[in-house]
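The values are calculated or read from the model by the stated rules, or taken from the named source; none is laboratory data. The model shown is predicted, which means the values in this text are computed figures rather than measured ones. Cβ atoms come from the backbone with ideal geometry, glycine included; neighbour counts cover every protein chain shown. We work out accessible area using only protein heavy atoms, side chains counted, and drop any ligands, DNA or RNA first. Shrake-Rupley method; radii C 1.70, N 1.55, O 1.52, S 1.80 Å.
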Amino acid sequence: MAFRKKSTKNPPVLSHEFILQNHADLVACVGMFFVLGLMFEGTAEASIVFITLQHSVPFPAGEDPAKELKFLYHYGIKDLATVFFYMLVAVIIHATLQEYVLDKINRRMQFPKAKQSRFNEAGQFSAFYLVSCVWGTFILISENCLSDPTLIWGAHSHNVMTFQMKFFYISQLAYWFHAFPELYFQRTKKQDLPRQLVYIGLHLFHIAGAYLLYLNHLGLVLLMLHYFVEFLSHICDLFYFSDEKYQKEMSLWAVVFILGRLVTLTVSVLSVGFHLAGGQNRNPDAISGNVNVLAAKIAVLSSSCTIQAYITWNLVNVQLQRWKEEDAVLQAPSVKKKRTKGRSSRKGTENGVATSNKVDSPHKKKEKTS
């Protein structure tokens with residue numbers, strides 16, 4: 001019995017196709033390199049910079065500073081190493097979700113190639129937004145931001161953040177930085193690159209701005225509002241891809257989208273207006289987070305308003321494009337009916353002429369014989 005030959009060949013090592021197919025394994029090897037560095041005394045200090053949070057400062061946890069100490073965190077240059085490591089983790093999680101969940105759904109639903117990329121994008125973002133919303137809400141509850149809203153715009157005396165707050169921002173930065181190589185790994189089309197780059201860049205700009213200016217609570221609240229609306233958006237897309245009868249839910253989501261933008265603008269205006277309510281500082285220091293000046297407030301508020309206007313404009317364009325596609329689909333059957341009617345009438349006339357010729361043919365034969 002002869003062996004069956006394989007239809008596909010393994011690509012050459014370190015070739016373009018090899019990297020695309022095995023990028024998760026390659027990135028996992030790089031990540032394990034940093035983890036294994038913890039096992040040796042000479043490399044442990046360097047590996048800790050990549051894996052754990054840096055720039056910690058001890059503070060007294062209670063009235064007696066000699067009894068208990070808690071560690072709060074500043075930001076610094078070493079955070080770039082931590083962001084890089086968790087960017088590798090984000091690539092691995094992205095590939096795992098794609099291979100074991102989204103690809104299996106694609107095979108079962110048998111989506112066309114045009115919908116596969118959009119379905120994968122909606123699936124990845126919906127999972128990320130869901131985890132971020134749950135995680136961020138837990139942080140807001142644990143730091144009493146919901147029971148005491150003044151913490152959103154109140155100033156911290158030492159310009160520090162808790163462990164969970166810093167780890168959340170590090171993870172957010174790592175995820176959005178990992179989106180850049182994913183454009184290459186997922187073979188994004190050239191016409192989609194500008195939209196994706198702007199989308200990723202805007203998130204990085206605002207998350208990094210809230211992190212560097214110590215607007216941690218305000219940034220977290222605005223992110224939760226934004227992520228919740230985006231989560232609903234991608235969930236609606238997933239339902240729409242599975243069955244196009246869910247088009248009505250898209251209009252309902254549009255209302256929620258507009259309300260989310262209005263709430264975000266309201267929170268931004270109130271927070272910036274009341275931020276650091278003790279008054280403006282005459283000696284601002286961006287490194288220590290002392291940015292309570294009119295210029296900084298205007299920059300933060302204008303940035304928030306600009307991003308909301310940009311997102312709303314994109315929604316209007318997407319909705320108009322979908323309406324055009326629906327109109328084209330509705331007009332297509334009527335055009336087909338007209339064509340079929342024209343063809344049937346032509347066939348009818350041709351058949352009538354043919355039958356008349358057949359009937360007249362015996363008379364012509366008699367005339368010829370006579």
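Scanning segment 47-74 for residues that are under 24 Å from Gly37 (Cα atoms) and either at pLDDT 95 or above or not in a strand (DSSP E or B) (or both) yields Ser47, Ile48, Val49, Phe50, Ile51, Thr52, Leu53, Gln54, His55. Taken together, the residues in segment 96-146 that are within 26 Å of Ile207 (Cβ to Cβ) and in a loop (DSSP other than H, G, I, E, B) amount to 4.
When segment 206-224 is examined, which residues are found to be in a helix (DSSP H, G or I), under 18 Å from Ser142 (Cα atoms) and either hydrophobic (A, V, I, L, M, F, W, C) or out of contact with any helix residue (DSSP H, G or I) (no Cβ under 6 Å at 6 or more places or on another chain) (or both)?
The first filter runs over segment 206-224 and keeps only residues in a helix (DSSP H, G or I), leaving 206-212, 216-224.
Narrowing the set further to residues that are under 18 Å from Ser142 (Cα atoms) leaves 216-224.
If the condition is that a residue be in a helix (DSSP H, G or I), under 18 Å from Ser142 (Cα atoms) and either hydrophobic (A, V, I, L, M, F, W, C) or out of contact with any helix residue (DSSP H, G or I) (no Cβ under 6 Å at 6 or more places or on another chain) (or both), then Leu218, Leu220, Val221, Leu222, Leu223, Met224 are the ones that fit.
Residues that are under 16 Å from the mean Cα position of the chain (by Cα), of a type in the set (S, T, N, Q) and open to solvent by 20 Å² or more (accessible area, probe 1.4 Å) occur at least once in segment 119-130.
For Ala328, the requirement of being farther than 30 Å from Val221 by Cβ and at pLDDT 70 or above is met.
If the Cβ limit is 6 Å and pairs must be 6+ apart or interchain, which residue in segment 236-261 that is under 17 Å from Phe111 (Cβ atoms) and open to solvent by less than 60 Å² (accessible area, probe 1.4 Å) pairs with which residue that is among the basic types (Lys, Arg) and modelled with pLDDT under 70? If the second residue must be among the basic types (Lys, Arg) and modelled with pLDDT under 70, no pairs are left. Residues in segment 150-205 that are part of a loop (DSSP other than H, G, I, E, B), open to solvent by less than 60 Å² (accessible area, probe 1.4 Å) and farther than 25 Å from Thr82 by Cβ: Gly154, Thr188.
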